[in-house]
Amino acid sequence: MSDVTIEIPVLFHLGPVPIGLEVVTTWGVMAVLALGAWLGTRRLTLRPGAWQTLLEAVVAMVEGFIRDVIGRDPQPLLPLVGTLFLYIAACNLSPLIPGVKPPTASLHTTAALALVVFFSVHVLGIRTQGVRHYLKGYLEPFPLFLPLNLLGEVTRTFALMVRLCGNIMSHELVLAVLVGLAGLLVPIPFMALGILVGLVQAYIFAILATVFLGAAIGAIERG
Amino acid sequence: MHLDPWTLALQAVNFLVLVWLLRRLLYQPVTAMVAQRQALVAKDFAEAKAARDQAEQARLEIARRLDGIAGERQQQMAAARLEIEAERRQALERTAAEAAAAAEAQRRSLEEDRRVVAAALGDHVVDLAVDLAGRLLAPLGTPVVAAAMLDVLCQRLAALPPERLGSLGDSVEIATMPALDAPAQGMWRERLTGLLGPEIAMDFLADDSLVTGAELRFAGMIVGFSWRDGLAQAKTAMTVAI
């Protein structure tokens, strides 16, 4: 972590596609999450063990905050919002493994997540309300607000991207500076703080995505 | 710092693939299991509720039966009380009737006893009176008295009609008390021959049952006068009076 840099190095290329460290780490996170899910759900029983209980608790927690935000059945949004939370949390906690950099400290990753949320909002909004009714929402409260509403769509997506990346990257930078200045033991409290920051940022990203999706499907007021 | 579109697209694809993977491997199985468990819990809850309702129904049924039993018991107790009261009343009436009958029987028994005792006492008194009269009259059995009784007998024979007097027979038994001596017998024979004729045979005897008196005992008739008959009449009159 002492190698302080914003640019993510390219490890290799797959044809024209450069494969950076955040991509490889993402694959690792994906593998861990998918393997953990497979191992945890291959023998589900009515009397759950510890691992099944943990998985059910995580799913129930995500369902709970989706239901709290949109006030409806959380099942349609569960895969996207739940994966956002689990993926971002896993990425944010990945620096606990020595030598691993969090993919969420890269704008490529957070931008990709923000774009997925952006398009998901519109797809779900149009599928739920219809094109005409959905687009008419950008003219609310009156047509003069159309530019502002469009600008809001872009800025909130940009804010999603920058907020997550900035928090994680800044935490990595501070931690790297502390390691460089004070040695190995001093950064430990900050690493513990990083766990909290990582989980909170995952929760914030998932909550905001839920709010945007809920507004798109008409479950809550579009802000 | 710049954004590489390939990396951006690859990360987006990676995320979408992860969404697909977790949907298949995590969310669907877990939500299905949770739904299955909730259904099972709901089923158990419904069964428990049904069992509770059934138990409640059974409790109400038992309470209803208990109420019925209590009411029936009260009715039976009331009927038993009425029956016992009727039996007690009948027993009292029967006892009172038996007591009255016993009292009546006792009263009758006492009356009978009193009557028997009174009769016996009367008889005893009469016997004492007769005995006393006999004792008092016995010393008077002198020839003078015998002569007076002869006069009475002669008067009674004289009072008989002649045809009756002629059919008295040819013998007579003369019972006297006290016994007549020879001179007295001679006088009696003389007086009676004058009334009955000289053909009649006379036989004298002493009979202390007469107390004092005499009887002329013919074959078909007795003409007499004795204190025995007088005392017997007095005894009868006293017994009737007692």
Per the helix-only calculation at 222 nm, which mean residue ellipticity applies to chain B, given -39500 (n - 2.57) for every DSSP H run of n ≥ 4 and division by its residues, nearest 500 deg cm²/dmol?
-> -27000 deg cm²/dmol
Residue-averaged beta-carbon neighbours from other chains (10 angstrom radius) around A:105-115 = 5
With Cα springs under 10 Å, the Gaussian network model of chain B assigns the largest mean-square fluctuation among B:Leu231, B:Leu40, B:Leu192 to B:Leu40
Please name whichever of A:Tyr87, A:Thr157, A:Ile70 sits farthest to the positive end of the charge dipole of the stretch A:28-158, dipole taken about the Cα centre and charges placed at Cβ: Lys and Arg +1, Asp and Glu -1.
-> A:Tyr87
Amide H partners (placed H, <5 Å) of B:Ser226, local residues excluded | B:Ala214
Interface B:A - total buried accessible surface [probe 1.4 Å, Å², rounded to 100] | 3400
Rounded, prolate or oblate: which fits the stretch A:10-216, taking a ≥ b ≥ c as square roots of the Cα gyration tensor eigenvalues, rounded meaning a/c under 1.5, else prolate when a/b beats b/c?
-> oblate
Crossing angle, helix A:50-70 versus chain A [Cα axis fit, 0-90 degrees, rounded to tens] = 40
Of B:Val34, B:Val117, B:Val152, which has the largest mean-square fluctuation in a 10 Å C-alpha GNM of chain B?
-> B:Val34
Once phi for every residue in the stretch B:183-198 is put through the Karplus expression 6.51 cos²θ - 1.76 cosθ + 1.60 (θ = phi - 60°), the whole-Hz ³J(HN,Hα) values, with Gly and Pro written as x, are x, 5, 4, x, 5, 4, 4, 5, 5, 6, 4, x, 8, 9, x, x
To the nearest 10 square angstrom, what accessible area does B:Ser171 show with a 1.4 Å probe?
-> 60
Once you mark the trypsin sites (Lys or Arg not before Pro) that are in a DSSP loop and have at most 12 other Cβ atoms within 10 Å, what is the longest gap between them in chain A?
-> A:44-223
If you take the charge dipole of the stretch B:18-61 about its Cα centre, with +1 on Lys and Arg Cβ and -1 on Asp and Glu Cβ, which of B:Leu26, B:Phe45, B:Ala55 is farthest toward its positive end?
-> B:Leu26
Just the number, please: Stokes-Einstein D of the stretch B:199-242 in µm²/s, Kirkwood Rh from C-alpha pairs, 10 °C, 1.306 mPa s.
-> 131
In degrees rounded to 10, the 0-90 angle between helix A:107-129 Cα long axis and the longest Cα principal axis of chain A is 20
Shielding of A:80-86 by partners, i.e. mean partner chain Cβ atoms within 10 Å per residue?
-> 4
Counting only protein heavy atoms and leaving out ligands, DNA and RNA, the solvent-accessible surface of B:Arg23 at a 1.4 Å probe, in Å² to the nearest 10, equals 120
Given charges at beta-carbon only (K, R positive; D, E negative), |dipole| of the protein assembly as shown in Debye | 4200
Chain A, dipole about Cα centre (Lys/Arg Cβ +1, Asp/Glu Cβ -1), debye to the nearest 20 | 520
Protein accessible area in the stretch A:10-216, 1.4 Å probe - carbon and sulfur % | 75
Asserting the computed 222 nm helical MRE of chain A (DSSP H runs at least 4 long, -39500 (n - 2.57) per run, divided by residue count, to nearest 500) equals -24000 deg cm²/dmol
Relative to the longest principal Cα axis of chain A, at what angle does helix A:187-216 sit, 0 to 90 degrees, rounded to 10?
-> 20
Carbon and sulfur atoms: what percent of the 1.4 Å accessible area of the stretch B:10-109 do they account for?
-> 60
Given the options B:Arg37, B:Arg108, B:Arg228, which has the most mean-square fluctuation in a GNM of chain B, springs set between C-alpha atoms less than 10 angstrom apart?
-> B:Arg37
Average accessible surface area per residue within the protein assembly as shown, 1.4 Å rolling probe, Å² | 59
Dipole of the stretch A:10-216, positive direction: furthest Cα of A:Val59, A:Trp27, A:Pro187, with charges on the beta-carbon | A:Val59
Report the GluC sites (Glu not before Pro) located in the stretch A:11-92 that are in a DSSP loop and have at most 11 other Cβ atoms inside 10 Å of their Cβ, or state none.
-> none
For the protein assembly as shown, what class follows from the C-alpha gyration tensor (a ≥ b ≥ c being the square roots of its eigenvalues): rounded when a/c is under 1.5, otherwise prolate if a/b is larger than b/c, else oblate?
-> prolate
Hey, if we sort B:Glu104, B:Glu215, B:Glu83 by accessible area with the 1.4 Å probe, largest down, what's the order?
-> B:Glu83, B:Glu104, B:Glu215
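The values are calculated or read from the model by the stated rules, or taken from the named source; none is laboratory data. What you see is a predicted model, and the numbers here were worked out from it, not measured in a lab. Backbone-built Cβ (ideal geometry, glycine too); neighbour counts: all protein chains shown. Just so you know, the surface numbers come from the protein's heavy atoms only, side chains and all, with ligands and any DNA or RNA stripped out. Shrake-Rupley method; radii C 1.70, N 1.55, O 1.52, S 1.80 Å.
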